[in-house]
Amino acid sequence: MNAPAELNPQEAAALAHVKAAERAAANIPVAPGVQPRSIERAAVIGAGTMGGGIAMALAAAGIPVTLIDADDAGLQRGLARIRDNYEQSIKRGKLDPATRDQRLALIVGSTALADVARADIVIEAVFEDLGLKQRIFDELDQYAKAGAILATNTSGLDINEIAAVTQRPQDVVGAHFFSPAHVMRLLEVVRADLTSDDAVITLMELGRRMGKVSVYSLVYPGFIGNALFRNYNREAHFLVEDGALPHEVDAALKDFGYAMGIFAVHDMAGNDVGYQTRKAQMATRPTDRRWNDLIMKLVEMGRLGQKSGKGWYRYEAGDRSPHRDPEVEQYIVDESARMGITRRAISREEIIKRCVYGMINEGAKLLEQRIALRASDIDVVYVTGYGFPAKRGGPMYYADQIGLDNVYRDISRFYAQDGYWWKPAPLLERLAREGKKFADLPTLA
């Protein structure tokens, strides 16, 4: 076996920063003396991939959980998926049969929402549909016991709108798990306007019991993680429209330290994820800015990714390795021409700056609006939940190392060239002018 590559001092410092940031993330603003509520039983609503993963994470922490789905067919699929996940873990030597049996015994299925009655926490994990989530939370008033935590696994909806339909908004909190939820270490704990201190610290502590890193956020579109990811994703697609090809963007990101490039990730997850939501939004979205719709057309061409054998790349039977595909590359070139874009060669340096600096700028907005408590919390979210290379320390730490004056200069240049999406965050501008770092900001906890 090859020995791991030795870290240089900068990389070692970045990893030390990440470890310290994980510890700091546990320090959140609550009134002195507030104690977490007791969590001895749980219920999860929605037996899909996410709900099943959450149930497995709870079972791994020794917490009995009732997994509830709307119909028996969906429930049985979910329970079968859980059993299969355990079998795969046994095959890989990650789990022994006795532990599998113990955990399976902690998970029971149901199709009755009334079976949340004994749960100390109810975690909703259904589709990202605000109306559906509101209907469920409205019903939970009838069935959940007094003092139960009512958590939503939404990845970016307004939790205040979900809490508003209940008679107990103080108990409603965001619990944004990352897929697969029984594996991924990140849990975004999102406080709505009326969420009580003890509900927040209960979920933070539950995350710790499940072996996760809990990071606190306020309500914001996409919270911390997806708010930054939108910028990363958007610029990657704009780069392809401007002259790069998917393999060139992915190669630059892998060279930077990502395990996978973004277009390979899209193909793995499925390019149709979120298609209907985006299609519905297209009719009413603002017309004063640039949008990227290449992925929408790919879906309409049947290029869904690995599951269809072709997406941004093509795939051979039984092989998940991405291969360049002249068909999709010609499609990209043709789309650029249709949009009136003159394609040009794009350097790896520009690819990294546009993908990463947009995240940094968004992170500055989150800090300014106090959505995130500290820059290091944003780093933790990105290293543990989004594959940002740990040896770079996270996007905000990385910006501090480059120098915020340098980052601000490039962002101002992109803003002059490309407009709306690159408007510099006022906080970034101020820190750059004062010669300061994100790390110099006072913590809000």
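Read-outs throughout are calculated quantities, based only on the coordinates presented, and are distinct from any laboratory measurement. All values reported here derive from a predicted model rather than from experimental measurement. Glycine also receives a Cβ, built like all others from the backbone with ideal geometry; neighbour counts cover every protein chain displayed.
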Fill in the blank from the handout: Volume per residue (Å³) of the convex hull spanned by the alpha carbons of the range 37-223 is 96
Fill in the blank from the handout: Relative to the chain, whose Cα atoms define the longest principal axis, helix 404-418 and its Cα axis are tilted in degrees, nearest 10, by 70
Problem - Dipole in debye (nearest 20) - the range 37-223, about Cα centre, beta carbon charges: Lys, Arg +1; Asp, Glu -1 - result: 840
Fill in the blank from the handout: Distance in Å, no decimals, from the C-alpha centre of the range 116-188 to the one of the range 309-330 is 38
Problem - Relative contact order (%) - criterion: Cα under 8 Å, at least six apart; region: the range 37-223 - result: 22
Completion exercise
Answer in debye to the nearest 20: the dipole magnitude of the range 244-338 about its Cα centre, from +1 Lys/Arg and -1 Asp/Glu charges placed on Cβ, is 360
Exercise for the section: Using only the Cα atoms of the range 380-424, construct the convex hull and provide its projected area averaged over every direction, in square nanometres to one decimal. Expected result: 3.6
Handout entry: Between the range 385-417 and the range 50-91, the Cα center-to-center distance that results, in Å
Key = 39
Practice task
As a check on your grasp of the helix formula, calculate [θ] at 222 nm for the chain: sum -39500 (n - 2.57) over DSSP H runs of n ≥ 4, divide by the residue count, round to the nearest 500.
Solution key: -15500 deg cm²/dmol
Handout entry: 11 Å reach of a label modelled at Arg77, 7 Å along Cα-to-Cβ, counting backbone N of the range 25-54
Key = 47-49
Practice task
Work out the FRET efficiency for Asp255 and Asp405 from their Cβ-Cβ distance, taking R0 = 25 Å, and round it to the nearest 0.05.
Solution key: 0.50
Practice task
Would you mind calculating the gained length between Ala105 and Leu15 on full extension (0.36 nm times residue separation, minus the Cα-Cα distance), in nm to one decimal?
Solution key: 28.6 nm
Completion exercise
For the chain, longest principal axis from Cα atoms; helix 97-106 axis from its Cα atoms; angle between them, nearest 10 degrees, is 70
Problem - Charge sum, other residues only, whose C-beta stays under 9 Å from Leu294's C-beta, Lys/Arg counted +1 and Asp/Glu -1 - result: -2
Exercise for the section: Filter the cross-link list Lys353/Lys391; Lys212/Lys365; Lys254/Lys353; Lys91/Lys254; Lys133/Lys307; Lys19/Lys391 down to pairs whose alpha-carbon distance in this structure exceeds 19 Å. Expected result: Lys212/Lys365; Lys91/Lys254; Lys133/Lys307
Exercise for the section: Just the number, please: percent antiparallel of the DSSP beta bridges in the chain, rounded to the nearest 5. Expected result: 25
Completion exercise
Log entry: pair-distance distribution for the chain, C-alpha pairs binned every 20 Å from zero, whole % per bin is 23, 56, 20, 0
Exercise for the section: Please work out how much length the chain gains when fully extended from Gln35 to Arg314, using 0.36 nm per residue of separation minus the C-alpha to C-alpha distance, in nm with one decimal. Expected result: 95.1 nm
Handout entry: Cα-derived Rg over Rh, computed across the range 6-134 with Rh taken as Kirkwood radius
Key = 1.09
Practice task
Please identify, among Ser376, Ser38, Ser217, the residue showing maximal mean-square fluctuation in a Gaussian network model of the chain using a 10 angstrom Cα cutoff.
Solution key: Ser38
Handout entry: Cα-projected label distance for Ser412 with Thr287, points at 7 Å along beta-carbon direction, nm
Key = 3.3
Completion exercise
For 126-137, 327-338, 395-406, ranked highest to lowest by mean beta-carbon neighbours within 10 Å, the order is 395-406, 126-137, 327-338
Handout entry: Contour minus Cα-Cα distance for Ala280 and Ala439 (0.36 nm per residue)
Key = 53.2 nm
Fill in the blank from the handout: Measuring from the longest principal axis of the C-alpha atoms of the chain, the long axis of helix 326-338 (C-alpha) lies at a number of degrees, nearest 10, equal to 70
